[in-house]
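Here's the structure, in structure tokens; my notes come after.
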Amino acid sequence: MGIALASLVSGLVALYLHLWKIGVAGTLACGGGHGCAYVQGSRYGWFLGVDVALIGTVGYALLFLAAMAGTTERFADARWPNTLMQGLIWPAVLFTVRLKYGEFVVLRGFCPWCVVSAVAITLCAVLAVLDRRRLGRLG
């Protein structure tokens, strides 16, 4: 349930950033200078021509669905939801490391909204590992 909640919150944040980037959300609510707009508008705001916030929105939506499936009584002790979640989480962790490097080291910027995603995906990774251990004890 923790993974579902973290992915829902981060997915909504990513959706907000994407809607801002395409001009639907109005102004971006965060600090000026080297803040959100600076980071989002940089080359690190895009990956292979796709908006990083859109990638996050889709990724977190898929993670949310997998997590919700794992919370149902039918699949509570099944391994496949955890395997699917880990398949989504670990590439996202690596992608987040790349984005944080670009944000902090290359751009010397700081986007508070982006921190939400970094904290959430880290939390999801920890929870997925703990859930895998639980499943392992079940046999």
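Looking only at residues of the stretch 33-56 that are surrounded by 21 or more Cβ atoms within 10 Å (Cβ to Cβ) and of a type in the set (Val, Ile, Thr), we find that the one that is nearest to the chain's Cα centre (by Cα) is Val52.
Please find, among Arg79, Arg74, Arg108, the residue that is farther than 21 Å from Leu15 by Cβ, surrounded by 13 or more Cβ atoms within 10 Å (Cβ to Cβ) and basic (Lys, Arg).
Details: Arg74 fails: surrounded by 13 or more Cβ atoms within 10 Å (Cβ to Cβ); Arg108 fails: surrounded by 13 or more Cβ atoms within 10 Å (Cβ to Cβ).
Of the residues listed, the single one that is farther than 21 Å from Leu15 by Cβ, surrounded by 13 or more Cβ atoms within 10 Å (Cβ to Cβ) and basic (Lys, Arg) is Arg79.
Looking at Gly32, Gly41, Gly26, Gly70 in this structure, which one is under 30 Å from Gly139 (Cα atoms) and at pLDDT below 95? Criteria check complete, one pass: Gly70. Checked against (1) free of Cβ contacts under 8 Å to residues at least 40 places away in the same chain; (2) within 13 Å of the chain's Cα centre (by Cα), Cys114 passes all but condition (1).
The values are calculated or read from the model by the stated rules, or taken from the named source; none is laboratory data. A quick note: this is a predicted structure, and the numbers were derived from the prediction, not measured. Quick reminder, even Gly has a Cβ in these numbers, built from the backbone with ideal geometry, and neighbours come from all protein chains shown.
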